[in-house]
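The values are calculated or read from the model by the stated rules, or taken from the named source; none is laboratory data. Since this is a predicted model, take the numbers as computed values, not measurements. Cβ: placed from backbone, ideal geometry, glycine included. Neighbour counts: every protein chain shown. Quick note on the areas: whole protein, heavy atoms, side chains included, nothing else; ligands and nucleic acids left out. Shrake-Rupley method; radii C 1.70, N 1.55, O 1.52, S 1.80 Å.
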Amino acid sequence: MEQRHLGRTGLRVSRIGLGTLTWGRDTDEHDAADLLKTFWEAGGTLVDTADVYGGGEAEYLLGQLVEGLVPRRDLVISTKAGSVPDPDRRFDGSRGHLLAALDASLARLGTDYVDLWQVHAFDTATPLDETLQALDIAVSSGRVRYAGVSNFCGWQLAKAGTWQLAAPGIRTRLASTQMEYSLLQRGVEREVLPAALDLGIGLLPSSPLGRGVLTGKYRKATPADSRGASDHMAPFVAPYLDDAATRIVDAVTTAADGLAVTPLQVALAWVRDRPCVAAPIIGPRNSQQLTAALSVEALSLPDEICQALDDVSAPVHRYPDQDWSTL
């Protein structure tokens, strides 16, 4: 699998990443082992997790598989901290919480360091410089190799990235931002993506298949074995089952038919090759789904197909979005 630099750093990652959101909950240890081995054998390196996935079980399960199944040196392990199970405070970006969460993640993962550590979300109750100082401490202590953020809007990312660049050699430049991005969710193109491009921050798209909808499996009905049919995941899928999404899925399916490939391959290739994107993070349930997704490696979409998909899924830009002057 092709490797790409993550932002303006020396870290190289596979251009498709393996997500572990459902590990330890919907994905058991046997399926997780099959997924990790299949991914590694295909040349995949970037494995994404977080301290809250499965209540910590995703990190623990990944830690059990590393070394016994896949050499640690062959993986780029990314985890996140900052989300908390508190209805009164969903995010905690304080220095104390983040560093304690990092130590707990390392213990579950069974490793001395993570390759990429990201703040899971912006915490309005904590000064941003305090949050970012936790990244600096983590990197300088050797527990983290590279640092990034997740779910920061445009101004938040620009402020954080600029702050980190203001003191070269002292502060750690942001390597990444992880955001939802697909043909069904192009909101990052308004402000986040321009900020990332300007600051040299790599984009790691989550839900690049539109929460599974872009595969076309929901066109006629909701499959009984799909996430859209499960009690805890149905609300996650439902927003992308409206008429607007249906038009985009139909366009993806038409493009796939014309290219003799699958809708999954078209949707994944489109987001993989967007500006600033380093590696879309996919979350297959089993090795068969993963193999189908990894088959996109040989596919590059023709320019006319990309343009048609751009047109049918184009987000609305209004003043003062980045592109307001072209309207």
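Selection of strands (runs of 3 or more DSSP E) fully inside region 14-111 by the criterion of at least 2 residues being among the polar types (S, T, N, Q) returns 76-81.
Residues that are within 16 Å of GLY93 (Cα to Cα) and charged (D, E, K, R) were ranked within region 125-172; the one that is most open to solvent (accessible area, probe 1.4 Å) is LYS159.
On inspection, ASP86 qualifies as farther than 30 Å from THR38 by Cβ, out of contact with any helix residue (DSSP H, G or I) (no Cβ under 8 Å at 6 or more places or on another chain) and surrounded by fewer than 20 Cβ atoms within 10 Å (Cβ to Cβ). Say whether the condition of being touching a Gly at 6+ places or on another chain (Cβ under 7 Å), over 20 Å from LEU290 (Cα atoms) and of a type in the set (Ser, Thr, Tyr) is met by at least one residue in region 239-247. Yes, the conditions are met somewhere in region 239-247. Across region 254-303, the number of residues qualifying as out of contact with any Asp or Glu (no Cβ under 9 Å at 6 or more places or on another chain), basic (Lys, Arg) and either modelled with pLDDT under 95 or not in a helix (DSSP H, G or I) (or both) comes to 0.
Candidates PRO263, PRO194, PRO239: the one that is open to solvent by 10 Å² or more (accessible area, probe 1.4 Å), over 16 Å from the mean Cα position of the chain (by Cα) and over 24 Å from ILE305 (Cα atoms) is PRO239.
Only one entry in ASP115, ASP92, ASP103 is surrounded by fewer than 23 Cβ atoms within 10 Å (Cβ to Cβ) and in contact with a strand residue (DSSP E or B) (Cβ under 6 Å, 6 or more places away or on another chain), namely ASP115.
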